[in-house]
Amino acid sequence: MRCDRVWFNAKAATFAPHRQGLGVIEDALIASREGTIVFAGAKRRAPRDLRAADAIDCEGRWITPGLIDCHTHLVHAGNRANEFQMRLAGASYEGIAKKGGGIVSTMNATRAATEAELVSTALPRLDALLKEGVTTIEIKSGYGLSLEHERKQLRAARRLSRRRKVTVSTTFLGAHALPPEFASRADDYIREVCEVMIPEIAKEKLASAVDVFCEGIGFSPEHTRRVFEAAAANGLRTKIHAEQLSNLHGAALAARFNALSADHLEHVDEYGISAMAKAGTVAVLLPGAFYFTRETHQPPIQLLRQHGVPMALATDCNPGTSPLTSLLLTMNMAATLFRMTIEECLVGVTRVAAQALGMQKRIGTLEAGKSCDLAIWDIDTPADLVYWMGSNPLHARVWRGQ
Ligand SMILES: [Zn+2]
């Protein structure tokens, strides 16, 4: 068997579903050809005729799949440090939103920026994630809130994948907030999202999924349903921001549309959870937003476990409620704040995160046939990746075999 490159003398946490726990392989060997893994297993089981142009001695380090950040708002202009300051002085998230702050202030900055400016302001945030071994990132629109500016945001997100070695999955979040020109006309704005924006975004293939912020300060379940119907009619998968501040039964609604994921979920109930379990909808938990907004209502982790709902973790990197560019810290927060186990945290940023993007056939585990996206770590055990706060043990990052 001929291949381009092998990594040997390593321990691997494969997260392969047919292996137990983390799917650990001592004395592992991983071989890649044309960017795809052709062998991942114990060295002694490798094909005898394996020939590689390049062989890399990992000197006993750990290899995991490249990390996946499956929920971000990475592309935007400006930041909201001023609102952080206001919150410290006592204002609430809802209060700031009602005063024209919040999403709308980022919308103004994003509308004023060019596509090139959006790319250059997002790059440092992207680089921070890549430095910790991220090889795939989801990026949502939702700060343009008009066809022209949503399209610009999605194009900027796509351009990031040409500037760095990273896979970018884009999601259209036109139903993120009501833009000022549609004030008190949410019905009309949703009609614009469904009849103008979604068909155009789908036609240009600028996004693979459609997301909605279903919340008292966002859009109603009825609006959400209309957006999901338009997504389905245009061949796009769905995702939802649901049950973050209250329970509007958005998760159950999303499950009816076989949504890829329902995200946040602090206030989800058993009805929503069982609907997600039946539909195979992933729960994406965002401990950075929980931490930063000082939420106290925890997502019902035990109920999610009982119903077998797969749980992913993501940074939710955004300027208002989660200015977080570290998936390692996200895992630590999930363990500390939500009491998620080491294994749940690690599969949450690899195998399950891939599922939340509908990309589980290509990424998320170390198995033959998957993209050769690897993170190589200077650690003693995989638990180190969840345990430490603020240190970065990444030794090397491999994207599509390079
Ligand atoms: Zn979000």
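The values are calculated or read from the model by the stated rules, or taken from the named source; none is laboratory data. All values reported here derive from a predicted model rather than from experimental measurement. Please note: Cβ atoms are built from the backbone with ideal geometry, for glycine as well, and neighbour counts cover all protein chains shown.
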*Single residue of Thr114, Thr167 found to be surrounded by fewer than 22 Cβ atoms within 10 Å (Cβ to Cβ), more than 20 Å from Leu286 (Cα to Cα) and in contact (Cβ under 8 Å) with a residue 60 or more places away in the chain*: Thr167
_Looking at (1) buried (at least 24 other Cβ atoms within 10 Å of the Cβ); (2) out of contact with any strand residue (DSSP E or B) (no Cβ under 7 Å at 6 or more places or on another chain), which one does Val282 not meet, given that it meets all the others?_
(2)
*asked:* Of all residues being within 16 Å of the ligand (Cβ to nearest atom) and surrounded by fewer than 24 Cβ atoms within 10 Å (Cβ to Cβ) in segment 260-279, which is nearest to Asp316 (Cα to Cα)? Just the residue, please.
replied: Glu266
*Considering segment 170-188 alone, what residues qualify as being touching a residue at least 40 places away in the same chain (Cβ under 8 Å) and part of a helix (DSSP H, G or I)?*
Pro180
_Return the pair list, or none, for Cβ contacts closer than 9 Å from residues in segment 131-144 that are surrounded by 24 or more Cβ atoms within 10 Å (Cβ to Cβ) to residues that are of a type in the set (Phe, Trp, Tyr) and in a strand (DSSP E or B), at least 6 apart or on different chains._
Gly133/Trp377; Lys140/Phe172; Ser141/Phe172; Gly142/Phe172; Gly142/Phe213
_Looking at segment 285-298 only, could you name the residues that are within 14 Å of the ligand (Cβ to nearest atom) and closer than 13 Å to Arg339 by Cα?_
Leu285, Pro287
*Tally of residues being surrounded by fewer than 18 Cβ atoms within 10 Å (Cβ to Cβ), of a type in the set (Phe, Trp, Tyr) and in a loop (DSSP other than H, G, I, E, B) across segment 359-402*: 1
*asked:* Need a quick list: helices (runs of 4 or more DSSP H) entirely within segment 195-259 having at least 2 residues that are touching a strand residue (DSSP E or B) at 6+ places or on another chain (Cβ under 7 Å) and surrounded by fewer than 24 Cβ atoms within 10 Å (Cβ to Cβ).
replied: 221-233
*asked:* I'd like the residue in segment 50-105 that is among the basic types (Lys, Arg) and within 27 Å of the chain's Cα centre (by Cα) and, out of all such residues, is nearest to the ligand (Cβ to nearest atom).
replied: Arg80
*Is there a residue being away from the ligand (no atom under 16 Å from the Cβ), within 20 Å of the chain's Cα centre (by Cα) and modelled with pLDDT of 95 or more anywhere in segment 173-194?*
no
_Candidate set from segment 235-256 (those that are closer than 20 Å to Glu138 by Cα and not small (Gly, Ala, Ser)); member that is nearest to the ligand (Cβ to nearest atom)_ = His241
_among the hydrophobic types (A, V, I, L, M, F, W, C), surrounded by fewer than 23 Cβ atoms within 10 Å (Cβ to Cβ) and more than 14 Å from Val284 (Cβ to Cβ): is that true of Leu329 in this structure?_
yes
*Out of all the residues in segment 24-37, is one or more among the charged types (D, E, K, R), surrounded by 13 or more Cβ atoms within 10 Å (Cβ to Cβ) and closer than 13 Å to Ala368 by Cβ?*
yes
*Where residues in segment 326-363 are within 19 Å of His241 (Cβ to Cβ) and not aliphatic (A, V, I, L, M), which of them is farthest from the chain's Cα centre (by Cα)?*
Phe338
*So Trp7 clears everything in (1) within 16 Å of the ligand (Cβ to nearest atom); (2) over 24 Å from Thr315 (Cα atoms) except one condition, right? Which one?*
(1)
*Could you please let me know if Thr315 is under 19 Å from Ala209 (Cα atoms), crowded, with 23+ Cβ neighbours inside 10 Å, in contact with a strand residue (DSSP E or B) (Cβ under 6 Å, 6 or more places away or on another chain) and among the β-branched types (Val, Ile, Thr)?*
yes
